[in-house]
Amino acid sequence: MAVLVTGATGFIAQWVLHYLLKENYQVIGTVRSQEKGEKLHRQFGSPSNLSFEIVKDISDSEAFEPLFKKRGKEIEIVLHTASPFHFNTSNYEKDLLIPAVNGTKGILNAIKQYGDVKKVVVTSSYAAIADFAKTTDGSAVLTEKDWNSATWEGCQTDPVNAYCASKKFAEEAAWTFARENKTSLTTINPVFVFGPQKFDEDVTPQLNTSNEIINGLLHSKPGDKIEPDYHSVYVDVRDVARAHLVAFQKELSGERLGLSEGRFCSQQILDILNEKFPQLNISKGPEPGKEDTRPAALFDNSRSKGLLGFRFIGLEQSVYDTVAQVLKKEGKL
């Protein structure tokens, strides 16, 4: 029996594939084109237990049906990681809300019609949990039980709000489906995801949305102000990927797994860069070495950490591995 990973070329998904193949699972990945599938297969060393199916547009509610008609009886586990994560749009419904919701509904309906799936894991986000107003409230405590308060109409003011809402609506659709169809569902709700690309050759001048926070600071110049100045929470991509496996290997049906290893701010990242890579001539930031004292909500994900049972990667290691890979690609290391 096989594990299906949707959006297999994604930042998180490639690491999910890595851990699945390491444990000798039969893996089917969905990709948007034959070329993307062939490239990824080559990158993993052309293993016999990795195959691909083309799903061109997840916003099409029937996009996954041909796949499940063809291979549904093979698939026992579904890890649905495919969903848009970018802020480069002004058509929020078309580019963020509808693809996220339709992609989730579409794959669940295809499973129901044609599949024999035992467990489903959906990659959601901390964005589905937290309201921006609460994240800067030093007295607030958020847990995996919380939901943001976004509405479909109210969220379409800017791409960040629309993205956060898309994660909420897609995840709500998944839980509704699971209740109505008695499906074993677990969601993964990570905060900002840092860490290296699975393959060095995939490092590009612009990285995925979360890593661009680090990349922007890495390419700063002495005296630069920190803009934007991030104060948020992080987790490493390798821990997010491992959580997808634990989610179906353990009996974690019905759980939302909140993934965070703690807070970070832009100054902290600059301090790590300047300490670990002293050859770089970059900004020192406004207050080198000073701890972040800005008020912020606590994301208490102790329940999720207990369920997962493994130690998370710290900020210094995550930033170092991300940056070392970029510098290597740029010929500076």
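Here, each number is a calculation from the coordinates, and none is a lab measurement. These numbers come from a predicted model, not from an experiment. Counting neighbours? That spans all protein chains shown, and the Cβs are built from the backbone with ideal geometry, glycine included.
Using mean Cβ contacts within 10 Å as the protection proxy, how do 4-12, 264-272 order, highest first? All intermediate terms of the calculation are to be shown ahead of the outcome.
Details: 4-12: 25.2, 264-272: 22.3.
Final packing ranking: 4-12, 264-272.
Treating the angle as unsigned and between 0 and 90°, give the value, to the nearest 10°, between the Cα long axis of helix 34-43 and the longest Cα principal axis of the chain.
So the inclination is approximately 60 degrees.
Nearest 10 degrees is fine. How inclined is helix 315-329 to the longest principal axis of the chain, computing both from alpha carbons?
The two axes meet at around 90 degrees.
In nm, what is the difference between 0.36 nm times the number of residues separating R303 and S90 and their Cα-Cα distance?
Working: separation 213, 0.36 × 213 = 76.68 nm, distance 3.71 nm.
Value of the extension gain: 73.0 nm.
Distance from the Cα centre of the range 181-219 to that of the range 307-333, in angstrom?
Going from one Cα centre to the other spans 12 Å.
How high is the relative contact order of the range 2-329, given as a whole-number percent (alpha carbon pairs under 8 Å, six or more residues apart)? Could you put the intermediate results ahead of the total?
Working: 629 pairs, mean separation 61.0, N = 328.
The normalised contact order for the range 2-329 reaches 19 percent.
Among 217-228, 165-176, how do they line up from the highest to the lowest mean number of other beta-carbon atoms within 10 Å? Mind showing how you got there, number by number?
Numbers: 217-228: 13.7, 165-176: 21.7.
Per-residue Cβ counts within 10 Å, averaged per peptide and sorted highest first, yield 165-176, 217-228.
Given the pairs K168/K290; K105/K250; K118/K167; K198/K284, which are separated by over 32 angstrom at their Cα positions?
Details: K168/K290 35 Å; K105/K250 24 Å; K118/K167 23 Å; K198/K284 29 Å.
Pairs exceeding the cut-off: K168/K290.
I want the local charge near P196. Using Cβ-Cβ distances under 13 Å, sum +1 for each Lys or Arg and -1 for each Asp or Glu among the other residues. Let's see the in-between values first.
On the way: positive: K198, R238, K328, K329; negative: D200, E201, D202, D236, D239, D321.
Overall, the nearby charge balance is -2.
Calculate the FRET efficiency for R294 and S33 from the Cβ-Cβ distance with a Förster distance of 45 Å, rounded to the nearest 0.05. Display every interim value, and only then the final one.
Working: r = 43 Å, r/R0 = 0.97.
Efficiency computed from Cβ-Cβ geometry: 0.55.
Contour minus end-to-end for S253 and K56, with contour as 0.36 nm per residue of separation and end-to-end as the Cα-Cα distance?
Working: separation 197, 0.36 × 197 = 70.92 nm, distance 2.94 nm.
68.0 nm is the gain from fully extending S253 to K56.
Quick one: if the Förster radius is 35 Å, what FRET efficiency do R311 and K284 give, using the C-beta to C-beta distance and rounding to 0.05? Before the final figure, lay out each step's value.
Numbers: r = 31 Å, r/R0 = 0.89.
With a Förster radius of 35 Å, E is 0.65.
I'd like the per residue volume of the convex hull spanned by the Cα atoms of the chain, given in cubic angstrom. Provide the component values of the computation, followed by the final result.
Numbers: hull volume 44.5 nm³, N = 333.
Per-residue hull volume (Cα only) is 134 Å³.
Taking Cα atoms, how many degrees apart are the long axis of helix 237-249 and the longest axis of the chain, rounded to 10 and kept between 0 and 90?
Approximately 30 degrees, to the nearest ten.
Apply the a/c threshold of 1.5 to the C-alpha gyration tensor of the range 235-333 and tell me whether it is rounded, prolate or oblate.
Here the range 235-333 falls in the oblate category.
Enumerate by residue number the trypsin sites (Lys or Arg not before Pro) in the range 245-300 meeting two conditions: DSSP loop (anything except H, G, I, E, B), and at most 14 other Cβ atoms within 10 Å of the site's Cβ.
K250, K290
Suppose we keep just the DSSP beta bridges with both residues in the chain; what percent of those would be antiparallel, to 5? If you can, show how the numbers build up before the last one.
Values: 4 of 35 bridges.
Antiparallel bridges: around 10 percent, rounded to the nearest 5.
Choose one answer from Q197, Q317, Q206: the residue with the largest mean-square fluctuation in a GNM of the chain with alpha-carbon springs under 10 Å.
In the Gaussian network model the winner is Q206.
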